[in-house]
Amino acid sequence: MVPAAYVLLRRGDDDRVLMQLRQNTGFLDGHWAIGAAGHVEAGESVLDAACREAAEELGVQVRPDDLVPLCVMHRTRNTRAAVDERVDFFFECRRWDGEPDRREPDRAAELRWVALDALPDPVVPHERHVLERWRDGTLTPVVPYGFG
């Protein structure tokens, strides 16, 4: 399984989340995605990966204690290939140091604060699944996706 960490920066003043428009990644380019996300590297905890991704992609410093777990998603693309078996850890973060900006402009065409009830289109499907359930209050701690 390939583990990944997702960090939803959420502004306290208006409850918007930061999203990025993917480009040149080779995976769902032209889709909106959660502000910071990426694979957990060998020997790295998922909390350390989340903090690292926020720094690399957005230039903000996040402390592990500021990450609030939202859910774990177990997903598949039903190809039977190991690379298509995933486990994703989603975190909310309301406190960070620095001002978010595009630190990887070759991979993110735009950053935008969006309301959960006005998501842009299209959004990476499994991320939309989490965001909509979070917005609606129906998000469960463990989310299977792509099975059956």
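Worth a mention:
- Neighbour-count order for 16, 63, fewest beta carbons within 10 angstrom listed first: 63, 16
- For segment 108-123, backbone phi angles converted through the Karplus equation (6.51, -1.76, 1.60; θ = phi - 60°) give residue-by-residue couplings of 10, 6, 7, 10, 8, 7, 10, 7, 4, 8, 9, 5, x, 10, x, 10 Hz, Gly and Pro being listed as x.
- Built amide H within the under 5 Å cut-off of residue 123, gap 5+: 32
- Radius 14 Å from Cβ of residue 145, net charge of other residues (Lys, Arg +1; Asp, Glu -1): 0
- Computed E for residue 45/residue 140 - FRET, C-beta separation, R0 22 angstrom, nearest 0.05: 0.40
- Förster radius 41 Å - calculated FRET efficiency between residue 2 and residue 114 (Cβ-Cβ, nearest 0.05): 0.95
- Using just its DSSP H runs of length 4 or more, each adding -39500 (n - 2.57), the chain gives a mean residue ellipticity at 222 nm of -5500 deg cm²/dmol after division by all residues.
- Convex hull per residue volume in Å³, alpha carbons only, for the chain: 113 Å³
- Electrostatic tally near residue 105: other residues with Cβ closer than 13 Å to its Cβ, Lys and Arg +1, Asp and Glu -1, net -2.
Only the coordinates and a few stated rules stand behind these numbers; no lab work does. Please read all numbers here as calculations on a predicted model, not as lab measurements. Positions of Cβ are backbone-derived with ideal geometry, glycine not excepted, and every protein chain shown enters the neighbour counts.
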